[in-house]
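Working notes for the structure below.
The values are calculated or read from the model by the stated rules, or taken from the named source; none is laboratory data. Keep in mind that this is a model prediction, so the values were computed, not measured. Note that we place each Cβ from the backbone using ideal geometry, even for glycine, and neighbour counts take in every protein chain shown.
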Amino acid sequence: MLFGRKASHPLQPGDQFIKAGVGFGTVWEIVRVWTTGDELLHARLRSLENNSETMAISVCTLVNPRFFTPVPRLRSSGDGGLA
């Protein structure tokens, strides 16, 4: 059994979330996603307001809309501007 191995999943580093029910507040960014020895996916998040503040959380909790809401990604238009 391998501990801390990388996992295949739809989440990736750079994805951002805020706590559900909060119209404003800390934006949390995924730094790393891995599978623990018991086969559960976890993500390491860092605060964009305070880089020294981090948390590890199960992906099941992170993608549950009762707890966290994804922050939409800005897409570039290809000409350097934002779409």
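Just so you know, in segment 27-64 the residues that are hydrophobic (A, V, I, L, M, F, W, C) and part of a loop (DSSP other than H, G, I, E, B) include one that is nearest to Q16 (Cα to Cα), and it is V27. May I ask you to verify whether G23 is touching a residue at least 24 places away in the same chain (Cβ under 8 Å) and part of a loop (DSSP other than H, G, I, E, B)? Answer is no for this residue. Quick check, is A83 at pLDDT below 90 and surrounded by 13 or more Cβ atoms within 10 Å (Cβ to Cβ)? Here the answer is no, as A83 does not meet what is asked. For segment 48-62, the count of residues that are touching a residue at least 24 places away in the same chain (Cβ under 8 Å) and among the β-branched types (V, I, T) is nonzero.
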